[in-house]
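The values are calculated or read from the model by the stated rules, or taken from the named source; none is laboratory data. What you are looking at is a predicted structure, and each value in this text was computed from that prediction instead of being measured. Ideal geometry is used to build each Cβ from the backbone, glycine not excepted, and the neighbour counts take in all protein chains shown. Just the protein is used for accessible areas: all its heavy atoms, side chains included, with ligands, DNA and RNA removed. Shrake-Rupley method; radii C 1.70, N 1.55, O 1.52, S 1.80 Å.
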Amino acid sequence: MPNKKKTMSDKKIAAAAKLLLDARARQTTIAGLPDACRPATAEQAYAIQDAVAFELGPIGGWKVGAKGISDEPTCAPLPAATVMAGPGKLASGLYPLRGIEAEIAFRLQHDLPSRAQPYTLAEVLDAVGSVHPAIEVVESRYTDRTQADPLSGLADAASHGALIYGEGRSTDLAIKQPEQTAELYFDAQQVVHETGANPAVDVLRLLVWLANHVASRHGGLKAGQIVTTGSCTGLLFVGPTAQVSALLPGLGQADLSFYA
């Protein structure tokens, strides 16, 4: 009986991954994952993520976030094809939702491989080469992402579309998010000015959690990967030819343009 249960779980994961991959390939959306292959646990959602990521090619980074300062973080692998240095240019037809968030991202200069002992903050920061301003483009393989249950959303790479990062800096890596201002500009007009607005508050906690999570799940974070740590501005939406800038004073600016 235990073997049968495992086999059913594998089929469920494969079926869910196929639906999400087909939606990506056909540039369409689905109403949701059917009951028969909807994740019931975070572990199942991560397994679906992994099955999708395997088909999408190398992992170029990770996104990680938490709903509050003491909440358990969640994460998703980012296909390398969706992670790019700014200024970025994206075809709006491939990104119909065009949700925009300004974020703080870290670039790894050393691997953090699997090991028995958990990584500490000092060890993780030692592996970080730079910290960057970033724009995450939020997309969904669901027709209405707000109606998808949280685990289905997590299975769908936590609604990742693309990540564009600015130049950043290689010093003062232990950034204090509660003191960091973030501004968003759409077509040169400021639409957001926030300080310390990331709900997780301590983005360094997220970074350490992710390093240990990925060490046990994917063999560890890799040099060159970008880790983005959740929205500092909330989620806003733009039109098909918008010019977007995320300015984090003292850190830098990331730029993105959409074209029809």
Cβ charges +1 (Lys, Arg) and -1 (Asp, Glu), total dipole of the chain, debye: 940 debye
Cα-based Rg / Dmax (Å) for segment 188-260: 15.5, 44
Per-q log10 I(q)/I(0), the chain, q = 0.14, 0.17 Å⁻¹ (Debye; single scatterer per alpha-carbon; no solvent): -0.94, -1.36
Neighbourhood net charge (13 Å Cβ-Cβ; Lys/Arg +1, Asp/Glu -1) for A260: +2
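For n ≥ 4 DSSP H runs only, could you compute -39500 (n - 2.57) per run for the chain, divide by its residues and tell me the 222 nm figure to the nearest 500?
Working: 5 runs with 68 residues, N = 260.
Value at 222 nm, helices only, nearest 500: -8500 deg cm²/dmol.
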In segment 34-129, the trypsin sites (Lys or Arg not before Pro) that fall in loop regions by DSSP, at most 12 other Cβ within 10 Å: R115
With every protein chain in place, the chain: carbon and sulfur % of accessible area (1.4 Å): 55 percent
Segment 44-91 and segment 112-171: distance between their alpha carbon centers, rounded to Å: 5 Å
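For a quick check of your reading of the filter: which GluC sites (Glu not before Pro) in segment 134-217 sit in a DSSP loop and have no more than 14 other Cβ atoms within 10 Å?
Counting only loop positions with at most 14 other Cβ atoms within 10 Å, the GluC sites (Glu not before Pro) in segment 134-217 are E167.
Below 8 Å between Cα atoms, with a sequence gap of 6+, how large is the relative contact order for segment 1-154 in percent?
26 percent
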Cα point-scatterer Debye curve for segment 171-229, base-10 log of I(q)/I(0) at q = 0.25 Å⁻¹: -1.03
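Accessible area per residue of segment 25-125 at 1.4 Å probe, in Å²?
Averaged over the residues of segment 25-125, the accessible area is 51 Å².
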Overall dimensions of segment 40-143 by Cα: Rg and Dmax, Å: 15.4, 46
